[in-house]
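Participant: Sharing a structure below in structure tokens format, with a few things to ask.
The values are calculated or read from the model by the stated rules, or taken from the named source; none is laboratory data. All figures in this text were calculated on a predicted structure; none of them were measured in a lab. Cβ: placed from backbone, ideal geometry, glycine included. Neighbour counts: every protein chain shown.
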Amino acid sequence: MSETIDDFRTFYQPKAESEKVNLKELILKSIDFIDSAIQKKEIKVIKELENIELKLYGNEFLQVIINLIKNAVDSMSKGGTIIIKLKKRENQIVISIKDNGVGIDKELITKVFDPYFTTKKDSMGLGLYMSKMIIERHLKGTIKIERLKKGTKFSIYLKAIREENYSPFIKNHPNSEK
Ligand SMILES: Nc1ncnc2c1ncn2[C@@H]1O[C@H](COP(=O)(O)OP(=O)(O)O)[C@@H](O)[C@H]1O
Ligand SMILES: [Mg+2]
């Protein structure tokens, strides 16, 4: 597989069926996609993955996870560690991707989710923007970034039980705008 998987190249592919997806398998597949870069940089990937299923658009969410892992790989020169966790607590699914790479300047932290924001040459800067859109709009979840002493951590929070017939027009719906 090519190392330069463009963010969301397959995003607009019409095959977008909501289906029960095993998130552990999806994460393992994402790691596979970037495996050559991981090997080349001698990066250690530590996985703590619970067996969790969720109904979602698998292909779209795969792009989100690939981008987050690729960003972690990009933040390292050689020999770093990436820790990927997937767990469920109460009604929440939490996916976290933590790296000990170069980190992000404090002043730039509010910009990383902006479209076209990038510090890389030859990159689009759309990965995190698209990821945030997908997580918030399609999955009604949240994504959070943290600066660590060394490195960066991204966390995704999803509802373990998603309301299939969610409609923004239902009055007094917990998610509807006031
Ligand atoms: N894990 C990370 N470590 C350090 N910087 C990061 C990390 N993830 C994202 N960033 C910063 O956020 C920017 C935007 O990321 P992204 O939207 O995925 O676009 P791109 O990867 O194309 O630059 C990156 O260029 C980088 O500056
Ligand atoms: Mg990216």
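Participant: Check 67, 59, 51 and return the single one that is closer than 29 Å to residue 161 by Cα and over 16 Å from the mean Cα position of the chain (by Cα).
Facilitator: Every option except 51 fails the conditions.
Participant: Let me ask something else. How many residues are within 6 Å of ligand 1 (Cβ to nearest atom) and modelled with pLDDT under 95 when one looks only at the range 68-119?
Facilitator: Here the count works out to 0.
Per-residue answers, yes or no, for (1) within 18 Å of residue 56 (Cβ to Cβ); (2) buried (at least 16 other Cβ atoms within 10 Å of the Cβ); (3) modelled with pLDDT under 95:
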| position | (1), (2), (3) |
| --- | --- |
| 124 | no, no, yes |
| 142 | yes, no, no |
| 158 | yes, yes, no |
| 172 | no, no, yes |
| 175 | yes, no, yes |
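Participant: Being at pLDDT 95 or above, assigned to a helix (DSSP H, G or I) and either more than 16 Å from ligand 2 (Cβ to nearest atom) or small (Gly, Ala, Ser) (or both), is that true of even one residue in the range 50-63?
Facilitator: No; the residues of the range 50-63 include none that is at pLDDT 95 or above, assigned to a helix (DSSP H, G or I) and either more than 16 Å from ligand 2 (Cβ to nearest atom) or small (Gly, Ala, Ser) (or both).
Participant: Suppose the filter is assigned to a loop (DSSP other than H, G, I, E, B), touching a residue at least 12 places away in the same chain (Cβ under 8 Å), out of contact with any strand residue (DSSP E or B) (no Cβ under 9 Å at 6 or more places or on another chain) and within 11 Å of ligand 1 (Cβ to nearest atom); does residue 130 pass it?
Facilitator: When the stated conditions are applied, residue 130 does not pass them.
Participant: Within the range 89-127, track down each residue that is outside any loop (DSSP other than H, G, I, E, B), more than 16 Å from the chain's Cα centre (by Cα) and within 25 Å of residue 46 (Cα to Cα).
Facilitator: 89
Participant: All but one of (1) surrounded by 14 or more Cβ atoms within 10 Å (Cβ to Cβ); (2) of a type in the set (D, E, K, R); (3) within 12 Å of ligand 1 (Cβ to nearest atom) hold for residue 60; which doesn't?
Facilitator: Unmet for residue 60, out of (1) surrounded by 14 or more Cβ atoms within 10 Å (Cβ to Cβ); (2) of a type in the set (D, E, K, R); (3) within 12 Å of ligand 1 (Cβ to nearest atom): (3).
Participant: Just to be sure I understand the filter: pairs with C-beta atoms under 7 Å, separated by 6 or more residues or on different chains, first member in the range 72-86 and without any contact (Cβ under 8 Å) to a residue 24 or more places away in the chain, second member part of a loop (DSSP other than H, G, I, E, B) and not acidic (Asp, Glu). Which pairs pass?
Facilitator: none
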